[in-house]
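First comes the structure, then the notes that go with it.
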Amino acid sequence: MNVPIYAYSLLTVAVFIVALKLSKTLKSAVLNPFILSLLLLAAILVLCHIPFGDYYQGNFPINQLLGVSVVALAVPFYEQLPQIRKHWRVITIVVLAGSLFSMLTGVLLALLFGASQEIIMAILPKSVTTAIAVSIVDQIGGNSAVGAVAVTVSGLTGSAFGIAVLQWLKVHNARAVGLSMGAVSHALGTARSMEYSVKAGSYASVSLVLCGLVSSLLAPLLFKWVICGWF
């Protein structure tokens, strides 16, 4: 399909606006704006026979914002510095435990299903935001495209079911909810936490940033340990 360059960026924005309105109408925790956007975009690409390569190239301006988003993550982190100083012990424990648990579960599942080294490298940082995950995957030599998919699946799963699972486990403290959601489902979990409460969303943003930093430091070491032990 011949379309003007970058027209797909306008399509992406328009679809997201529609998804926001649909989400407000449906009021469903599972069908949040991000999931609805993915479903609508996938349907459009399939029905209009648009190659994903063309869509990706035409979506270049939005794709480039991924790197900028890493810098933007510093804003909520800075805003929550007083809270971080006050609860630094609890935050440190949750961040370290959440980062290690997220990476180890991904690796163990990959090994269980006989995944290759490349797949293991790609899913290792599955629970940090895409911009950071792609950098980690590139650093350890994995496939960044597969890594982005793993991050998306992790974020979608956490944002759709995370709050429900925490409520089932009788976890109602806003700090605990936010830290948990930010640790395992990154930006999508943070957005879902913000819907739960502003306080939970604030702590989720802190967890998101810190888990990204911890994962970027531990992922290469953990990958080397896995390779030495299993391959």
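The values are calculated or read from the model by the stated rules, or taken from the named source; none is laboratory data. Not measured: the values here are computed from a predicted model. In this analysis, Cβ positions are derived from the backbone assuming ideal geometry, glycine residues included, and neighbour counts consider all displayed protein chains.
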Restricted to the stretch 9-41, and to residues that are part of a helix (DSSP H, G or I) and of a type in the set (S, T, N, Q), which residue is nearest to PRO61 (Cα to Cα)? SER9
Which one of these is touching a His at 6+ places or on another chain (Cβ under 9 Å) and not aromatic (Phe, Trp, Tyr): ILE132, ILE120? ILE132
Going through the stretch 42-59 one residue at a time, which ones are in a loop (DSSP other than H, G, I, E, B) and either in contact with a Ser or Thr (Cβ under 6 Å, 6 or more places away or on another chain) or not β-branched (Val, Ile, Thr) (or both)? CYS48, HIS49, PRO51, ASN59
Would you mind stating whether VAL146 is closer than 25 Å to ILE93 by Cα and either under 13 Å from the mean Cα position of the chain (by Cα) or assigned to a helix (DSSP H, G or I) (or both)? no
Being surrounded by fewer than 15 Cβ atoms within 10 Å (Cβ to Cβ) and touching a Ser or Thr at 6+ places or on another chain (Cβ under 8 Å) is the filter here; which residues of the stretch 129-156 pass it? ASP138, GLN139
Restricting attention to the stretch 157-168, does a residue exist that is in contact with a helix residue (DSSP H, G or I) (Cβ under 6 Å, 6 or more places away or on another chain), at negative phi and in a loop (DSSP other than H, G, I, E, B)? no
Residue under question is ALA110, and the condition is that it be more than 15 Å from PRO220 (Cβ to Cβ) and assigned by the TED database to the domain that holds VAL209; does it hold? yes
Condition check: of a type in the set (Lys, Arg) and buried (at least 16 other Cβ atoms within 10 Å of the Cβ). Does LYS170 satisfy that? no
The listed residue being over 17 Å from LEU213 (Cα atoms), in contact with a helix residue (DSSP H, G or I) (Cβ under 8 Å, 6 or more places away or on another chain) and either in the same structural domain as SER28 (by the TED database) or in contact (Cβ under 8 Å) with a residue 60 or more places away in the chain (or both), out of GLN117, GLN139: GLN117
